[in-house]
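In what follows, a single structure is set out as structure tokens and then discussed.
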Ligand SMILES: NC(=O)c1ccc[n+]([C@@H]2O[C@H](COP(=O)([O-])OP(=O)(O)OC[C@H]3O[C@@H](n4cnc5c(N)ncnc54)[C@H](OP(=O)(O)O)[C@@H]3O)[C@@H](O)[C@H]2O)c1
């Protein structure tokens, strides 16, 4: 039989976990949230009557407890539940934060529970996901062995694959995820603003750039970062880079410093490939620093 589940914090991630674990045959033993209406919304989906605003009223019923509150409430919520002896002996307590380690749940050890974290590398933007947001994604797990083994099984049942990470490496790991997801949006914003300054409309911009973006992703997937790099820097085309800087400086000066920083760091990637000469690299670095 599958273990029973309690969820504390019925927002975007808590709702997705509840909905798709229920679909995978798990018994959702109880739901708690700051607002009762959030717990009730999920209760309607997973068909349970066990809802509360008080977490320890429902967590004691479960083999596995998800604390899916915002990051800044996880440790306090865990502590309050522990103080009220709200975890079963040998229960597994998991949070889903990318940045925080499982050790923030250490208060649950007082109840002899096992602690871990499982972070889905996915962006959850709504409490009404269209399809299964866990399908074929990576869920990163760390923590005590018993907790990690349970998290692995849950990840598999959600349709995801697992990556084991070191507890002490979570902040760096999460910084990487932020760059891949959030700062990719920042990069796209830079690109869209430049193409719009070149007279291309909003509607045309995405259409025009999408195949280039996808082609670049595909090149990096096939050949790696160094061999996936193309363009003026790796070609040592100093005059083209100068023209970019002149035009950006005159038409969109607020974008110049970001363009320069990105260019500066691209030189090292180009050098690693062996195509960019040392002297061209030095000239380019000087241009980007000036
Ligand atoms: N969103 C993402 O893309 C994403 C991706 C990966 C991991 N995560 C992680 O998943 C966790 C949850 O994030 P989320 O995006 O689902 O946040 P969210 O949508 O804001 O949901 C958090 C839920 O917890 C409830 N809550 C707040 N404080 C509480 C407390 N003290 N006790 C009980 N419930 C409380 C909220 O209030 P109400 O009850 O008033 O609704 C809300 O329903 C975080 O650790 C986050 O880092 C998020």
All but one of (1) over 19 Å from residue 114 (Cα atoms); (2) over 27 Å from the mean Cα position of the chain (by Cα); (3) crowded, with 16+ Cβ neighbours inside 10 Å hold for residue 86, so report the exception by its number.
-> (1)
Which members of region 89-106 meet the condition of being near the ligand (Cβ under 9 Å from one of its atoms) and either free of Cβ contacts under 8 Å to residues at least 60 places away in the same chain or surrounded by fewer than 22 Cβ atoms within 10 Å (Cβ to Cβ) (or both)?
-> 95, 97, 98, 99, 100
Among the helices (runs of 4 or more DSSP H) contained in region 189-290, which hold 1 or more residues that are on the phi > 0 side of the Ramachandran plot, without any contact (Cβ under 8 Å) to a residue 12 or more places away in the chain and in contact with a helix residue (DSSP H, G or I) (Cβ under 7 Å, 6 or more places away or on another chain)?
-> none
Restricted to region 25-37, and to residues that are over 23 Å from the mean Cα position of the chain (by Cα) and not in a strand (DSSP E or B), which residue is farthest from residue 94 (Cα to Cα)?
-> 37
So residue 61 fits all but one of (1) in contact (Cβ under 8 Å) with a residue 40 or more places away in the chain; (2) more than 8 Å from the ligand (Cβ to nearest atom); (3) over 16 Å from residue 6 (Cβ atoms); what number is the exception?
-> (3)
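Residue-by-condition table, conditions (1) surrounded by 13 or more Cβ atoms within 10 Å (Cβ to Cβ); (2) in the same structural domain as residue 62 (by TED's automatic domain parsing):
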{"site": "108", "(1), (2)": "yes, yes"}
{"site": "114", "(1), (2)": "yes, yes"}
{"site": "139", "(1), (2)": "yes, yes"}
{"site": "143", "(1), (2)": "yes, yes"}
{"site": "152", "(1), (2)": "yes, yes"}
{"site": "160", "(1), (2)": "yes, yes"}
{"site": "186", "(1), (2)": "no, no"}
{"site": "197", "(1), (2)": "yes, no"}
{"site": "212", "(1), (2)": "no, no"}
Taking region 41-79 and keeping only residues that are surrounded by fewer than 16 Cβ atoms within 10 Å (Cβ to Cβ) and more than 26 Å from the chain's Cα centre (by Cα), one is left with 44, 47, 49, 53, 54
Residue match in region 66-77 (condition: at pLDDT 95 or above, assigned by TED's automatic domain parsing to the domain that holds residue 154, more than 10 Å from the ligand (Cβ to nearest atom) and within 27 Å of residue 176 (Cα to Cα)) = yes
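Determine, yes or no, whether residue 25 is closer than 21 Å to residue 134 by Cα, within 12 Å of the ligand (Cβ to nearest atom) and assigned by TED's automatic domain parsing to the domain that holds residue 157.
When the stated conditions are applied, residue 25 does not pass them.
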Candidates 45, 5, 58, 17, filtered to the one that is at pLDDT 95 or above, assigned to a strand (DSSP E or B) and in contact with a helix residue (DSSP H, G or I) (Cβ under 9 Å, 6 or more places away or on another chain) | 5
Exception for residue 9 within (1) on the phi < 0 side of the Ramachandran plot; (2) within 12 Å of the ligand (Cβ to nearest atom) falls at (1)
Scan of region 32-43 for residues that are touching a residue at least 12 places away in the same chain (Cβ under 8 Å) and within 10 Å of the ligand (Cβ to nearest atom), ordered by number = 32, 33, 34, 35, 36, 38, 39, 41, 42
All but one of (1) closer than 19 Å to residue 157 by Cα; (2) in contact with a strand residue (DSSP E or B) (Cβ under 9 Å, 6 or more places away or on another chain); (3) within 15 Å of the ligand (Cβ to nearest atom) hold for residue 20; which doesn't?
-> (2)
Does residue 10 fit the bill of being crowded, with 24+ Cβ neighbours inside 10 Å and part of a helix (DSSP H, G or I)?
-> no
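The values are calculated or read from the model by the stated rules, or taken from the named source; none is laboratory data. Please read these numbers as outputs of a predicted model, since none were measured by experiment. In this analysis, Cβ positions are derived from the backbone assuming ideal geometry, glycine residues included, and neighbour counts consider all displayed protein chains.
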